[in-house]
Amino acid sequence: MEKIPSVNELYETILSRSLLPLPGIEDALIEKAWERANRIHDYLLKRADRMDEDCMLCEKKKARQSQTRYAYDTPWDNEPVAKLFCSDDCGDSFMYEEPWAYFMCSRCDREISEQNPRNGWHIQYRDYDGQMTCLKCYEDLILENGVERDKVEAGKIPGMFFSYGNLEPIKAGYREVEGFRDFFVSCQYDADRFRKKALELMDQGKKVVIGYESMGIGGGEGYVSLLEKEPPKPKRRRRQNAVQNQGLDSGRGR
Ligand SMILES: [Zn+2]
Ligand SMILES: [Zn+2]
């Protein structure tokens, strides 16, 4: 923002340029000069705040620097995008009303578009523990913990689109479950079979994630993949105990 003179500086200037007042009306002059300094200051502030670009919502008024908001188009972006508005009202309508609603991720505290403007408007958040969680944070959570069992029990197929070939879960040590890769779901029977398998794996102590492969418009059918990960192996006992139990020393140094 360009440097603008303070109210006091303006006041001094105005006074210095004024004629000497008639005796007895000095106070009135001072008051007028002060009002004028304030008005000019307001005007300069507004002028400095005005940008060349139009408001993104009303497209009629010029955007104001002080009304700029920063938000992420997708959870995967490293930098937020500046959104330019003329007023609080325009900013709020744009950010929190359809069709461009943004939400605050409960984990990373970023304001992110609810839908991805770059890939078919996929929803970019999931409910996790009752909190709106962005897909990036959700991915971290389910790779770490597996999908939430209560959702599967409640009849849902909680998952997300990973990179082609389910790269992220595979990198995290998951593997695709035989017979449930690119599994076609088009009716309740399919969905129940898929969920039953997921619950069965969880009963064995495994972590489970679900990759969405493709979804029909409207979500009436789609392809999903089930991936599983063995529970972590129990830690080996300390060397001394192991030696005692096996009755032999492997001879390996420390
Ligand atoms: Zn506007
Ligand atoms: Zn997040």
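The values are calculated or read from the model by the stated rules, or taken from the named source; none is laboratory data. Everything numeric in this text was worked out from a predicted model, so none of it was measured. Every residue, glycine as well, gets a Cβ built from its backbone with ideal geometry; the counts of neighbours run over all protein chains shown.
When you check L167 against the structure, is it away from ligand 2 (no atom under 13 Å from the Cβ), modelled with pLDDT of 95 or more, closer than 20 Å to E228 by Cβ and touching an Asp or Glu at 6+ places or on another chain (Cβ under 9 Å), yes or no? When the stated conditions are applied, L167 does not pass them.
Scanning the range 112-120 finds one or more residues that are crowded, with 16+ Cβ neighbours inside 10 Å, within 15 Å of ligand 2 (Cβ to nearest atom) and not polar (S, T, N, Q).
The number of residues in the range 194-237 being under 21 Å from I123 (Cα atoms) and touching a strand residue (DSSP E or B) at 6+ places or on another chain (Cβ under 7 Å) comes to 14. The residues in the range 54-74 that are away from ligand 1 (no atom under 11 Å from the Cβ) and either in contact (Cβ under 8 Å) with a residue 24 or more places away in the chain or among the acidic types (D, E) (or both) can be counted, and the count is 7.
Which residue out of A82, A63, A101, A48 is hydrophobic (A, V, I, L, M, F, W, C) and more than 25 Å from the chain's Cα centre (by Cα)? Break it down stepwise before answering.
Working: A82 fails: more than 25 Å from the chain's Cα centre (by Cα); A63 fails: more than 25 Å from the chain's Cα centre (by Cα); A101 fails: more than 25 Å from the chain's Cα centre (by Cα).
None of the others qualify; the one that does is A48.
All of P99, P75 fail the test of being within 30 Å of M160 (Cβ to Cβ) and surrounded by fewer than 14 Cβ atoms within 10 Å (Cβ to Cβ), apart from P99.
For the range 130-140, the criterion of being in contact with a Cys (Cβ under 7 Å, 6 or more places away or on another chain), within 20 Å of M56 (Cα to Cα) and within 12 Å of ligand 2 (Cβ to nearest atom) is met by none of the residues. Just so you know, in the range 48-65 the residues that are over 12 Å from S87 (Cβ atoms) and in a helix (DSSP H, G or I) include one that is nearest to ligand 2 (Cβ to nearest atom), and it is Q65.
Each row is one residue, and each column tells you yes or no for (1) in contact (Cβ under 8 Å) with a residue 40 or more places away in the chain; (2) charged (D, E, K, R); (3) touching a His at 6+ places or on another chain (Cβ under 6 Å).
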position: K3; (1), (2), (3): no, yes, no
position: V7; (1), (2), (3): no, no, yes
position: I30; (1), (2), (3): no, no, no
position: A37; (1), (2), (3): no, no, no
position: W76; (1), (2), (3): yes, no, no
position: D89; (1), (2), (3): no, yes, no
position: R107; (1), (2), (3): no, yes, no
position: N116; (1), (2), (3): yes, no, yes
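Identify all residues within the range 66-94 that are part of a helix (DSSP H, G or I) and either within 22 Å of Y138 (Cα to Cα) or touching a Leu at 6+ places or on another chain (Cβ under 8 Å) (or both); write none if there are none.
First, the residues of the range 66-94 that are part of a helix (DSSP H, G or I): 66-67, 88-94.
Matches in the range 66-94: Q67, C90, G91, S93, F94.
Do any helices (runs of 4 or more DSSP H) lying entirely in the range 141-236 carry at least 2 residues that are surrounded by fewer than 11 Cβ atoms within 10 Å (Cβ to Cβ), of a type outside the set (S, T, Y) and out of contact with any Leu (no Cβ under 9 Å at 6 or more places or on another chain), and which ones are they? Before you say what the answer is, go through the steps one by one.
Working: elements: 149-153, 167-171, 188-203.
Once the helices (runs of 4 or more DSSP H) in the range 141-236 are filtered for at least 2 residues that are surrounded by fewer than 11 Cβ atoms within 10 Å (Cβ to Cβ), of a type outside the set (S, T, Y) and out of contact with any Leu (no Cβ under 9 Å at 6 or more places or on another chain), what remains is 188-203.
Results for (1) outside the structural domain of K136 (by TED's automatic domain parsing); (2) at pLDDT 95 or above, shown as yes or no for each residue.
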site: S16; (1), (2): yes, no
site: P23; (1), (2): yes, no
site: I30; (1), (2): yes, no
site: Y43; (1), (2): yes, no
site: L84; (1), (2): no, yes
site: D89; (1), (2): no, yes
site: W100; (1), (2): no, no
site: S113; (1), (2): no, no
